[in-house]
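Report on the structure given below.
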Amino acid sequence: MAGPAQRFEPAPADLRGATVPVVDDERAWRAILETDLNLLGYRVVTAADAAEALERANTERPALAIVDLMLPEPVDGRELVRRLRARGDRVPVVFYSARGTLLQEEGPDAPAFFSKAADRAELYASLPDLIRRGSRPPGVA
């Protein structure tokens with residue numbers, strides 16, 4: 001039995017208005033995350049697939065991206081991140097997926113993983129640290 005839902009904490013003052021793209025082919029998940037993140041103080045842009053996300057990445061300067069791992073073919077979440085990295089975009093990424101088990105990647109640019117089955121408060125609580133870690137120059141811990 002799950003415990004009580006955790007309280008969502010607003011974005012710290014220095015991160016309010018930070019842009020967070022949400023890339024998910026399921027409209028319901030885009031709406032849920034967009035609503036929550038806006039209420040927490042983030043600026044949200046949404047994309048339904050990798051092509052739309054790559055197009056938006058040309059004009060947006062995101063602080064962090066939340067990406068569904070299982071986007072529709074031909075470009076899933078991992079391939080979307082590979083393409084962003086190939087063009088020099090080092091935005092921190094959170095894979096948000098219905099898959100129960102995920103292979104964790106390691107390294108400074110490795111995406112974080114959260115399950116859609118888990119309480120979203122854990123995801124939201126992690127965003128400030130992930131954004132701040134991603135805003136440091138390479139090689140700075």
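The values are calculated or read from the model by the stated rules, or taken from the named source; none is laboratory data. Bear in mind that the values here come from a model prediction, so they are computed numbers and not experimental data. Glycine also receives a Cβ, built like all others from the backbone with ideal geometry; neighbour counts cover every protein chain displayed. To get the accessible areas, we keep the full protein, side chains included, count just its heavy atoms, and leave off ligands, DNA and RNA. Shrake-Rupley method; radii C 1.70, N 1.55, O 1.52, S 1.80 Å.
Within the stretch 33-47, which residues are touching a helix residue (DSSP H, G or I) at 6+ places or on another chain (Cβ under 7 Å) and outside any strand (DSSP E or B)?
Hits for the stretch 33-47 are D36, L40.
Regarding the stretch 64-78, can at least one residue be identified that is closer than 19 Å to G17 by Cα, touching a strand residue (DSSP E or B) at 6+ places or on another chain (Cβ under 6 Å), in a loop (DSSP other than H, G, I, E, B) and at pLDDT 95 or above?
Yes; the residues of the stretch 64-78 include at least one that is closer than 19 Å to G17 by Cα, touching a strand residue (DSSP E or B) at 6+ places or on another chain (Cβ under 6 Å), in a loop (DSSP other than H, G, I, E, B) and at pLDDT 95 or above.
Based on what the data block shows, is G3 modelled with pLDDT under 95 and out of contact with any helix residue (DSSP H, G or I) (no Cβ under 7 Å at 6 or more places or on another chain)?
Yes: the conditions hold for G3.
Going by what's in this entry, would A31 be described as open to solvent by 70 Å² or more (accessible area, probe 1.4 Å) and either over 18 Å from P111 (Cα atoms) or of a type outside the set (D, E) (or both)?
Here the answer is no, as A31 does not meet what is asked.
If you check A53, A65, which single one turns out to be under 14 Å from the mean Cα position of the chain (by Cα), open to solvent by less than 90 Å² (accessible area, probe 1.4 Å) and either in contact (Cβ under 8 Å) with a residue 40 or more places away in the chain or on the phi > 0 side of the Ramachandran plot (or both)?
A65
Run down D36, D76, D14, D25 and say which single residue is open to solvent by less than 40 Å² (accessible area, probe 1.4 Å) and either of a type outside the set (F, W, Y) or under 19 Å from S97 (Cα atoms) (or both).
None of the others qualify; the one that does is D36.
What is the number of the single condition among (1) open to solvent by 20 Å² or more (accessible area, probe 1.4 Å); (2) hydroxyl-bearing (S, T, Y); (3) in contact with a helix residue (DSSP H, G or I) (Cβ under 9 Å, 6 or more places away or on another chain); (4) modelled with pLDDT under 95 that T59 does not meet?
So T59 meets the others, but not (3).
Do the conditions hold for P137, that is, is it of a type outside the set (G, A, S) and either surrounded by fewer than 16 Cβ atoms within 10 Å (Cβ to Cβ) or modelled with pLDDT of 95 or more (or both)?
yes
Need the failing condition index for R83 against (1) modelled with pLDDT of 90 or more; (2) within 14 Å of the chain's Cα centre (by Cα), just the number.
Status for R83: all satisfied but (2).
Which of the residues belonging to the stretch 99-118 are modelled with pLDDT under 85 and more than 22 Å from R56 (Cα to Cα)?
Across the stretch 99-118, the qualifying residues are R99, G100, T101, L102, L103, Q104, E105, E106, G107, P108.
Just checking, how many residues over the stretch 79-93 are surrounded by fewer than 20 Cβ atoms within 10 Å (Cβ to Cβ) and outside any helix (DSSP H, G or I)?
Here the count works out to 4.
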